[in-house]
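Below you'll find the structure, written out as structure tokens, and then a few comments.
Only the coordinates and a few stated rules stand behind these numbers; no lab work does. Just so it is clear, the model here is predicted, and its values are computed rather than measured. Using ideal geometry, Cβ is built from the backbone for each residue, glycine included, and neighbour counts are taken over all protein chains shown.
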Amino acid sequence: MASGRRFETGSIRNLSGDAMHNAAPAILLASGIIQYIGASIAVTLFAVATAGAVAWGRVAVGAIVMMAWRRPKVVWRKLWRPAVLGLALVTMNVLFYQAIARIPLGTAVALEFIGPVLLAAITGRGWRIWTGIVFAVAGVFMISWIGVDMSEPGVAAGVVFAVVAGASWALYMWMGSKVATAGVGPDSLAIGMAIGAIVYIPLAIPSFGAIVTDPKMLALMVAVGVFSSVVPYFLEVTILTRVPASLFALLNSLYPATSLVVGMVLLRQFPSAGEIGGLVLISIAVVLVTWRPRKARIPRA
């Protein structure tokens with residue numbers, strides 16, 4: 001999950017013209033595919049390290065790259081916002097990795113998208129919001145009670161981890177919108193990721209050594225951090241201002257399906273009819289709650 005920033009009209013004018021606009025949908029979808037390829041690689045690392053250690057490694061790699069790229073200036077009296085942003089981000093990733101260690105990738109992503117719906121329910125109003133909530137609840141029911149076997153070891157915990165990861169995502173999105181409004185989104189994200197990596201370093205202690213001491217595993221860990229954090233962020237902040245809000249909402253709703261396809265191809269995780277039904281319902285909910293009037297822009301956090 002990457003973070004976006006709010007761009008002013010002048011910034012939009014500085015971007016390239018029709019070529020960027022036409023390529024934007026493909027780039028956004030590519031961003032999702034790359035992100036979930038990173039998550040698929042992370043699943044393979046669970047054989048040598050805990051889910052928490054792998055999640056920490058993803059954030060640590062992202063923090064190193066972001067800090068080197070942005071070189072942000074730290075303002076100590078304003079540090080609390082980046083700190084909350086980073087802790088929410090790392091918490092979300094840790095919970096999400098705990099989820100995909102127990103349930104299929106596509107299912108976990110669909111459940112995690114309860115986060116945007118939850119945020120919309122708290123901050124929004126109108127028939128689309130409430131209809132979206134109904135679809136989201138129905139989707140969770142389809143997945144948790146029909147789509148997966150809750151009696152299997154770890155499955156119930158995986159569902160809970162995914163839903164709580166979505167709640168952490170909602171907090172991250174809310175705080176991300178605050179720092180984006182102040183025009184310091186990228187720098188705050190870099191600082192926040194570094195703070196989150198430091199706070200959560202105990203997760204790495206039990207098993208991260210197995211990754212560091214194996215060049216192949218370390219290369220895969222770097223790939224997870226770059227694919228899941230750095231590349232999606234860079235692509236989104238590069239082209240997001242060229243995408244109409246309605247199209248962004250539609251593409252956003254396709255991310256659970258994208259993760260499902262990646263999980264099937266790379267991890268051989270084939271969904272049940274209930275999982276597919278729940279994914280469709282949650283995707284519809286995401287469209288409903290993220291839709292904005294024409295010409296509006298959605299900063300993604």
Order the peptides 48-60, 259-271, 158-170, 30-42 from the highest to the lowest mean number of other Cβ atoms within 10 Å of their residues.
48-60, 158-170, 30-42, 259-271
Projected label distance in nm at residue 198 and residue 152, using a 7 Å step from Cα toward the beta-carbon
4.1
For residue 272, placing the label point 7 angstrom along Cα-to-beta-carbon and taking segment 114-148, residues whose amide nitrogen sits under 16 Å are 139-148
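Determine the gain in length on full extension of the stretch residue 214-residue 30; use 0.36 nm per residue of separation and subtract their C-alpha separation, reporting nm with one decimal. It would help to have the intermediate numbers written out before the result.
On the way: separation 184, 0.36 × 184 = 66.24 nm, distance 2.96 nm.
Separation in residues times 0.36 nm, less the Cα-Cα distance, equals 63.3 nm.
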Provide the packing ranking of 195-203, 104-112, 147-155, i.e. peptides ordered by the mean count of other C-beta atoms within 10 Å per residue, highest first.
104-112, 195-203, 147-155
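Can you give the relative contact order of segment 29-290 as a percent, counting alpha carbon pairs under 8 Å and 6+ residues apart?
Numbers: 411 pairs, mean separation 113.0, N = 262.
Once normalised by length, the contact order is 43 percent.
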Lys/Arg +1, Asp/Glu -1 at C-beta; segment 29-290 dipole; positive extreme among 279, 64, 139:
64
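Pulled fully out, how much extra length does the chain show between residue 160 and residue 23, if you take 0.36 nm times their separation in residues and subtract their Cα-Cα distance? List each step's numbers first, then the result.
Values: separation 137, 0.36 × 137 = 49.32 nm, distance 3.69 nm.
Full extension of this stretch gives 45.6 nm more.
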